[in-house]
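Working notes for the structure below.
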Amino acid sequence: MGKSRNPNAEKWWETGVIYQIYPLTFADSDGDGIGDLQGIIKKLDYLNDGDPDSEISLGIDAIWLSPINQSPMIDNGYDVSDYYDISDTFGSLEDFDLLLSESHQRGIKIILDLVVNHTSNQHSWFIASSQSKDNPKSNWYHWQDPAPDGGVPNNWLSYFGGTGWTFNEVRQQYYYHTFNENQPDLNWGHSDVKRAIFQVIRFWLDRGVDGFRLDASSVYSKDKYYRYNPVKFGATDKNNYNNQHHLYDKNQPENHHLIREIRNTIDEYEDRVLIGETFIDNRLYDSTMFYGVNNDELHLAFTFEFPFSPWYPGYLQREIIKKELITPEGAWPTYFLDNHDIPRHLSRWIECSLCTNPLGIAQASAAILLTIRGTPFLYYGQEIGMVDNLDIPPDQIKDKAIIKSDSGELPPPRDGARTPMQWNDDVNAGFSFGKDVDPWLPVNENYTEKNVEKELKDRHSLLNFYRQLIKARKNSEALRFGRWNSLIHYPYEHLAYTRKTEAETVLVLINFSYEKDLTIDEYIAPYTWEVLVSNEREVGKIIDLPSKLYPFEVSVLRRDN
Ligand code: GLC
Ligand code: MG
């Protein structure tokens, strides 16, 4: 390994910690049971009050807000009906400006989710486009005539299940949607569409946002001949999204050109970031293309290595090594454990041989995320150990976007990981004071045990472990931009790795088991170390290089070189 970074070029999106908020369930200020912008403003001090030694703050540097634009909420905001306005549910543009200025005062950056692969079918653009075949917006979406037999124009599928084509009676044509039929894909090949999208981008940059997370940014462009996707060799179910080679509806060469153009616009403004979802069949190698040939596309490209990993040290390390090897020179890696589309990691990593200790898993995964080389993203509630709510009654399900496949199979529901943030043990976990309204999704029953108020008071809580790790990162240049190097080649029970700059070395030791003897393969000089963060050792103490670990120990040590 050995990639590091010039400290003079430190960027906030490389060394900072980014926190994803799902606005519907983060904090409700007006008691209607739904989260809102004023609610987020009230919680900013919890995220970062601007004091590096704060007793109450998590200490994050930036917020990524899942969509807050006007939306009929079929896909909970990922179906925008007006890019220039804030959803009434969340508040107003004035509230947004206040959120922006209150955040900036505390040193928190604001990143918006930009959902421009598709709009809602209730967006005025789509309403106009679907009126006729020859109106000014008639080609703003992907309209195609039926096949000669009246069926769908080609075999493209929806990622959410079933065909990607929906018939429109008025036009007697089909339109294409990568996701739900209420989310028609925009035709990026049309210059007016592009112009309209770039106007949206500038509108928010001019307003002062610090960057975007591009939703579904690998599927913007489509084959202009709408050719059939080849079906994978041996696949029995041709109508399963994962059984096609997405040659013609995903990751087209033009797609990279489009992202480059967005990046050019971003670069006209000072210090803004471009993040994107790359979403290439989990093929990490392909995803790195989204950094661009000359690092001129995304600053940070999301891939799903930890979400798709089992809780096993060798596997996790392999993912880190892969990413270290293939992240292009000059580009910067990024990692996350959880987001709003997948089960939370403490709910995923339950079927493993070494996981008799859930707090240990939570501490170890926090330490990995916050001490490897790359920008960490936290998903709200992860820091207090929130798990999925698996008991949401069917009539309270809010995720209406996912469609049943032809075989009748439903993809796993996403609502479990989207339940209200657990602030305290009051009614609705302190998320909403509305006693007579149901919160957007039911609060997880464990809220009396797992909540911010309680965990802030408990020195040994997961929340305080996260706070210590984030603070340690802030104060350590090795953790922010040092090289990563593993000390164990074939990890079975332990992970041991270093982060290193000229001046400093950080040593991270993680025990996944009861195995005490630490066997390191790489030479490491027998110096003494200062304990930075640990669930077993006294912080601040100077210790010898450990040869034995405590069961499930997680320790981050440092020394000056
Ligand atoms: C992205 C979002 C997901 C949404 C989809 C369609 O994958 O993360 O929540 O449903 O795009 O916008
Ligand atoms: Mg509200």
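Counting only strands (runs of 3 or more DSSP E) wholly contained in segment 464-561, the ones carrying 1 or more residues that are in contact (Cβ under 8 Å) with a residue 24 or more places away in the chain and more than 21 Å from Q317 (Cβ to Cβ) occupy 504-511, 528-534, 554-560.
Only a single criterion out of (1) open to solvent by less than 10 Å² (accessible area, probe 1.4 Å); (2) in contact with a helix residue (DSSP H, G or I) (Cβ under 7 Å, 6 or more places away or on another chain); (3) closer than 19 Å to I60 by Cα; (4) not aliphatic (A, V, I, L, M) is not satisfied by Q363, namely (1).
Residue-by-condition table, conditions (1) out of contact with any strand residue (DSSP E or B) (no Cβ under 9 Å at 6 or more places or on another chain); (2) assigned by TED's automatic domain parsing to the domain that holds I63; (3) under 28 Å from H340 (Cβ atoms); (4) at pLDDT 95 or above:
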residue: R213; (1), (2), (3), (4): no, yes, yes, yes
residue: Y225; (1), (2), (3), (4): yes, yes, no, yes
residue: N229; (1), (2), (3), (4): no, yes, yes, yes
residue: A235; (1), (2), (3), (4): no, yes, no, no
residue: N242; (1), (2), (3), (4): yes, yes, yes, no
residue: Y248; (1), (2), (3), (4): yes, yes, no, yes
residue: N251; (1), (2), (3), (4): yes, yes, yes, no
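Note on segment 103-119: among residues that are within 13 Å of ligand 1 (Cβ to nearest atom) and assigned to a strand (DSSP E or B), the one that is nearest to V17 (Cα to Cα) is D113. The residues on offer are G50, G2, and the sole one that is over 27 Å from I127 (Cα atoms) and at pLDDT 95 or above is G50.
If I go through segment 482-493 residue by residue, how many of them are more than 15 Å from I320 (Cα to Cα) and either of a type in the set (D, E, K, R) or open to solvent by less than 10 Å² (accessible area, probe 1.4 Å) (or both)? Final tally of qualifying residues: 1. If the condition is being open to solvent by 30 Å² or more (accessible area, probe 1.4 Å) and either among the aliphatic types (A, V, I, L, M) or in contact (Cβ under 8 Å) with a residue 60 or more places away in the chain (or both), then segment 199-232 contributes R202, F203, R207, Y226, R227, Y228, V231.
Annotation: of all residues in segment 168-198 being exposed (fewer than 15 other Cβ atoms within 10 Å of the Cβ) and without any contact (Cβ under 8 Å) to a residue 40 or more places away in the chain, the one that is nearest to the chain's Cα centre (by Cα) is R195. Close Cβ contacts (under 7 Å, 6 or more residues apart or on different chains) running from residues in segment 17-41 that are assigned by TED's automatic domain parsing to the domain that holds S432 and open to solvent by 10 Å² or more (accessible area, probe 1.4 Å) to residues that are part of a helix (DSSP H, G or I) and within 16 Å of ligand 1 (Cβ to nearest atom) comprise I34/L24. Looking across segment 308-346, the residues that are free of Cβ contacts under 8 Å to residues at least 40 places away in the same chain and under 17 Å from F512 (Cβ atoms) come down to S309, Y315, R318, E319, H345.
The values are calculated or read from the model by the stated rules, or taken from the named source; none is laboratory data. All figures in this text were calculated on a predicted structure; none of them were measured in a lab. Reconstructed Cβ throughout: ideal geometry from the backbone, glycine too, with neighbour counts over all protein chains shown. For the accessible areas, the whole protein counts, side chains as well, though only heavy atoms, and no ligand, DNA or RNA atoms are used. Shrake-Rupley method; radii C 1.70, N 1.55, O 1.52, S 1.80 Å.
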